[in-house]
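For reference, the structure discussed in these notes is given below.
The values are calculated or read from the model by the stated rules, or taken from the named source; none is laboratory data. Bear in mind that the values here come from a model prediction, so they are computed numbers and not experimental data. FYI the Cβ positions are ideal-geometry reconstructions off the backbone, even for glycines, and counts take in every protein chain you see.
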Amino acid sequence: MSKIKFAIIGFGYIGKRHAEIIKGHPDCELLAVCDIASEKRAAADAFGVPAYSSAEELLKNTPDAQVVTVCTPNGLHAEHALLALRDKRHVVIEKPMGMTKAACEEVLFTSLQMSKLVFCVMQNRYSPTSVWLKEVIDKKLLGKIHMVQTNCYWNRDDRYYGKSAWKGSLELDGGPLFTQFSHFMDIMYWLFGDISDIEAKFADFNHQNNTEFEDSGYVNFKFINGGMGTFNYSTAVWDKNFESSITIIGEKGTVKVGGQYMEVAEYTHIEDYVMPELPPANPPNDYGIYKGSAANHHYIFENVVDTIRGNSTITTNALEGLKIVEIIERIYKRRNLKTIKGEK
């Protein structure tokens, strides 16, 4: 069968990661990339493909590209996805799908209108612990869910924000729930569904000079499907990431998955259940000065190929991507930036 042909919008670290996986996949072919920064465009030489300075120029010059991957700043994801969809291309969107529910709805509507697929990058769903948790929940091994606590405590300081033109910006970054922790919000939604009765508090402990938003928050809510939950997070941890964990208390058992990236099954006590041996987790994405979520992007591109060829379904579809953004948007509606930043 012919290879699936790709083009990439945005050629920073994650765009290059996409390029490496595409070039290394026997059923994929990279045709071109684009970025507004000349130094990033220069990196395309290593992949042997042309580099353009705008998304419009890329689309005009790569009519054979079936799939466009969007790796630009958060605030541009929906805009660039819409450009590609309207040009009749399938789209892979890095998280988040957009910055508002309305923007995501436009992407979803356009994908249906143009009969094109939208793949949302939520690669933590492929981690062995996530696959195992999904099986436990779907089989109702814990019975009714009583409580879920998700904790995400990471480090992001000047080493992270000081080298970027967009990270820390309210318009293009949006805040930790969009940039750092949407993967874990996705896992919670994937397992337990939508939430209601949201209450939240936010604080900015040590990012007054390098972000336009909070660095910490705790959120409590009810699950539509039953039970109550909390989502606690911070990027104010000193020096390095501490943990990302989820604790689930049900009528028939308790489990906790922890570690720095929710990759370790730390505690399992379920009625009449023997814990299986899980495969080892992939290491986190290594950005040099800091670490990100699991390096599972290769599974995303396998899913793209298999889905386009009719052999599979999308791991995280546009509706699911929209729901994550909607939940974060509802949480952030309770955020008062003036109070958080100490303005009068």
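Evaluate segment 269-285: report whether one residue or more is under 16 Å from Leu142 (Cα atoms), among the β-branched types (Val, Ile, Thr) and in the same structural domain as Ser130 (by TED's automatic domain parsing).
Step one: of segment 269-285, the residues under 16 Å from Leu142 (Cα atoms) are 269-276.
Checking the rest, the ones that are also among the β-branched types (Val, Ile, Thr) come to 270, 274.
Checking the rest, the ones that are also in the same structural domain as Ser130 (by TED's automatic domain parsing) come to 270, 274.
Yes, the conditions are met somewhere in segment 269-285.
Scanning segment 106-156 for residues that are among the polar types (S, T, N, Q), under 23 Å from Gly15 (Cβ atoms) and under 18 Å from the mean Cα position of the chain (by Cα) yields Gln123, Asn124, Ser127.
Against the definition (closer than 29 Å to Asp157 by Cα and aliphatic (A, V, I, L, M)), how does Ala318 come out, yes or no?
Details: closer than 29 Å to Asp157 by Cα: no; aliphatic (A, V, I, L, M): yes.
The answer is no for Ala318.
Evaluating Tyr153 against the criteria (1) under 24 Å from Leu319 (Cβ atoms); (2) crowded, with 17+ Cβ neighbours inside 10 Å; (3) out of contact with any Gly (no Cβ under 9 Å at 6 or more places or on another chain) leaves one unmet condition, (1). Of the candidates Ala51, Ala42, Ala19, the single residue that is within 24 Å of the chain's Cα centre (by Cα) and small (Gly, Ala, Ser) is Ala19.
Determine which member of the set Asp186, Asp239, Asp215, Asp204 is within 30 Å of Lys163 (Cα to Cα) and touching a His at 6+ places or on another chain (Cβ under 6 Å).
Details: Asp186 fails: touching a His at 6+ places or on another chain (Cβ under 6 Å); Asp239 fails: touching a His at 6+ places or on another chain (Cβ under 6 Å); Asp204 fails: touching a His at 6+ places or on another chain (Cβ under 6 Å).
So the residue among Asp186, Asp239, Asp215, Asp204 that is within 30 Å of Lys163 (Cα to Cα) and touching a His at 6+ places or on another chain (Cβ under 6 Å) is Asp215.
For the residues Ile195, Ile187, the requirement of being out of contact with any Phe, Trp or Tyr (no Cβ under 7 Å at 6 or more places or on another chain), β-branched (Val, Ile, Thr) and crowded, with 19+ Cβ neighbours inside 10 Å singles out Ile187. Within segment 106-130, can you find the residues that are free of Cβ contacts under 8 Å to residues at least 24 places away in the same chain and outside any helix (DSSP H, G or I)? Scanning segment 106-130 gives a single hit, Ser115.
Remark: pairs (first residue in segment 320-333, of a type in the set (Gly, Ala, Ser); second residue part of a helix (DSSP H, G or I) and surrounded by fewer than 21 Cβ atoms within 10 Å (Cβ to Cβ); Cβ separation under 6 Å; 6+ apart in sequence or on different chains) are absent. Comparison of Glu212, Glu171 shows that the only residue that is assigned by TED's automatic domain parsing to the domain that holds Glu243, surrounded by 16 or more Cβ atoms within 10 Å (Cβ to Cβ) and in a loop (DSSP other than H, G, I, E, B) is Glu212. Restricting Asn311, Asn336 to residues that are closer than 30 Å to Val237 by Cα and surrounded by fewer than 13 Cβ atoms within 10 Å (Cβ to Cβ) narrows the list to Asn336.
In segment 1-58, the qualifying residues are those that are in contact (Cβ under 8 Å) with a residue 40 or more places away in the chain, among the aromatic types (Phe, Trp, Tyr) and buried (at least 18 other Cβ atoms within 10 Å of the Cβ), and the one that is farthest from Ala78 (Cα to Cα) is Phe6.
Which of the residues spanning segment 239-255 are more than 21 Å from the chain's Cα centre (by Cα) and surrounded by fewer than 17 Cβ atoms within 10 Å (Cβ to Cβ)?
Within segment 239-255, the first condition is being more than 21 Å from the chain's Cα centre (by Cα), and the residues that meet it are 239, 248-255.
If the condition is that a residue be more than 21 Å from the chain's Cα centre (by Cα) and surrounded by fewer than 17 Cβ atoms within 10 Å (Cβ to Cβ), then Asp239, Ile249, Glu251, Lys252, Thr254 are the ones that fit.
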